[in-house]
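Participant: Below is one structure. I have some questions about it.
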Amino acid sequence: MRFSLRLIATATFVAACSSPPVQTVPVAAPTPAPAAPVVRPAPKSSANFRTAAATIRDGAGVRVGTVTFTDSYAGLIIAGSVEGLGIGAHGIHIHEFGKCEPPFATAGSHFNPDKHKHGYKNNDGPHSGDLPNIDVPPSGRLKFEFLLPDVTLRGGPRHILDAGGASIVIHSTRDDYLTDPAGNSGARLACGVIVQE
């Protein structure tokens, strides 16, 4: 009996040893299907926007400021600086002609393609060329920036640089934003012809 038990144990041991070893084969994770390419519109480059500039001179021909004009998706960005105009508030507007001969009547009326009345406070206003007052501090120097919505340098219904050009005019006193045609803003103090760059 002992012999048969030994035989069974030996046979079991031999059988266990003769079984091929179990191999573990790594299975690669399934490769996901490539995602569909995302098509994005080409970025709109600011290099496509037109720019212009103006040098502002007073009645004696002295340079009192510079202004740049840049088309944007929201309208025309107007950025500039002035010095030597005198402290206090001054009306400032885009005018219809690109001529600045003192006393600057040659600049014509305000840029106004829609034939509105003057001023932000006027129910029939404003002109497309109306801008907020600039208020020169005691230092005598001021930087400013405005946005004229729906106005462009060229192209579109409200473009300032047509065959006659355009100018920017600074007045001697504050614009009241109401009185037609120029807001009681006084004499034309300085002017600059707008030139596309």
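Participant: How large is the charge dipole for region 49-196, taken about the Cα centre, if only the Cβ atoms of Lys, Arg (+1) and Asp, Glu (-1) carry charge, to the nearest 20 debye?
Facilitator: Numbers: 13 positive and 15 negative charges, 55 e Å.
Charge dipole of region 49-196: 260 debye, to the nearest 20.
Participant: Okay, next question. Would you please state the base-10 log of I(q)/I(0) at q = 0.17, 0.19, 0.20, 0.21 1/Å for region 49-196, with intensities from the Debye formula using one equal scatterer on every alpha carbon?
Facilitator: -0.89, -1.13, -1.27, -1.41
Participant: Same structure again: Any chance you could run the full-extension gain for residue 55 through residue 162? It's 0.36 nm times the residue separation minus the Cα-Cα distance, nm to one decimal.
Facilitator: Values: separation 107, 0.36 × 107 = 38.52 nm, distance 1.90 nm.
My answer for the length gained is 36.6 nm.
Participant: Treat the count of other C-beta atoms within 10 Å as a stand-in for reagent exposure and order 116, 127 from fewest to most. Walk me through the intermediate numbers first.
Facilitator: On the way: 116 17, 127 27.
With the fewest neighbours first, 116, 127 line up as 116, 127.
Participant: Hey, another quick one. Taking the simple approach of a point 7 Å from Cα along Cα-to-Cβ for both residue 106 and residue 195, what is their distance in nm?
Facilitator: Calculated label separation equals 1.4 nm.
Participant: Assuming 0.36 nm per residue, please report the length gained on full extension of the stretch residue 143 to residue 89 beyond their Cα-Cα distance. Please report the intermediate quantities before stating the final value.
Facilitator: On the way: separation 54, 0.36 × 54 = 19.44 nm, distance 1.33 nm.
Gain on stretching residue 143 to residue 89: 18.1 nm.
Participant: While we're here: Need the list of aspartates and glutamates near residue 121 for cross-linking: C-alpha distance under 16 angstrom, and skip anything on the same chain fewer than eight residues off.
Facilitator: Counting by Cα, and skipping residues close in sequence, residue 121 has these aspartates and glutamates nearby: 130, 175, 176, 180.
Participant: Could you work out the relative contact order of region 49-196, using alpha carbon pairs under 8 angstrom and six or more residues apart, expressed as a whole percent? Intermediate results must be reported in sequence, preceding the final value.
Facilitator: On the way: 413 pairs, mean separation 46.8, N = 148.
32 percent.
Participant: Hey, what do the phi angles of region 172-177 turn into as Karplus ³J(HN,Hα) couplings, whole Hz, using 6.51/-1.76/1.60 and θ = phi - 60°, x for Gly and Pro?
Facilitator: With the stated coefficients, region 172-177 comes to 6, 9, 5, 7, 8, 6 Hz.
Participant: Using Cα pairs closer than 8 Å and at least 6 residues apart in sequence, work out the relative contact order for region 51-114, in percent. Mind showing how you got there, number by number?
Facilitator: Details: 81 pairs, mean separation 13.1, N = 64.
Here the relative contact order equals 20 percent.
None of the figures in this text is laboratory data; all of them are computed from the coordinates on show. A quick note: this is a predicted structure, and the numbers were derived from the prediction, not measured. Quick reminder, even Gly has a Cβ in these numbers, built from the backbone with ideal geometry, and neighbours come from all protein chains shown.
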